[in-house]
Amino acid sequence: MTAEVRSAVAQPDRDRWPAAVAHSPWRYRHDASVVADLVARARNGDQHAWDALVERYAALIWTICRRHRLADADADDVGQIVWLQLVDHLHGIRDPAALPGWLATVTRRECLRVLSAARGPLAGGYGTDVEIIPDVLAGMAEQELVVAERHAALHEAMRDLPKSGQQLMLLLIEDPPLPYTEISARLGIAVGSIGPTRSRCLNKLRRHPAIAALTDTDSGAA
């Protein structure tokens, strides 16, 4: 890749990561021919192709960082490091289908590096040769993408709920579960209104275009 593209490495801004994830082109992520074309163009210094790769797989990196419970600043740093490493290794990707597995592997390693920083470096190196990643890791990356897709769709749908509905739904999924009396006290609403409000919010979420599109995609794949 050219020095110009490397110097312009980009990823969704930290404050925009959830929105970027929510608008990733999910239904096209399995199209190996599209990814192959993007990789080939990015190798030749096409900034638009690089931006498309970042947009396509931002959700994968974001989800892995969140699963490792990284702080926002650390997740942002990990994402930047992963994309920089991809710049350096893009010419070594012979099979674009290996790209999600490569990104997932490098992201996990960087997350572990951040988490273990206080205890010293992890034993061993951080090899990133895409050709040595087994098929099982590609499958794991695919699972990560599916999880990220669902999280992104739910995030987008939740943003369209009224603030009171968002607050209620977030309290209802607390672990361990909160009793209705505590939810009532926190939100200043009657205990008897929690159930009906929950049902209305769930119905709105189910009808949201992001959720409906995800449901249609899953049905078509079944």
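Tabulated values for the structure
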read-out	value
Stretchable slack from Leu112 to Leu84, in nm (0.36 nm times residue separation minus alpha-carbon distance)	8.3 nm
Cβ-based exposure ranking for Glu110, Glu174, Glu55, in which fewest neighbours within 10 Å come first	Glu174, Glu55, Glu110
Under Karplus coefficients 6.51, -1.76 and 1.60, residue-wise ³J(HN,Hα) of segment 37-47 in Hz, glycine/proline x	5, 5, 4, 4, 5, 5, 4, 8, x, 7, 5
Per-pair calculated FRET efficiency, R0 = 25 Å: Ala185 and Arg207 via Cβ, rounded to 0.05	0.25
Which of Ser116, Ser184, Ser33 has the fewest Cβ neighbours within 10 Å, and the rest in rising order	Ser33, Ser116, Ser184
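Rule-based calculations on the coordinates, nothing more; no lab input. Quantities reported herein were computed from a predicted structural model and do not represent experimental measurements. Ideal geometry is used to build each Cβ from the backbone, glycine not excepted, and the neighbour counts take in all protein chains shown.
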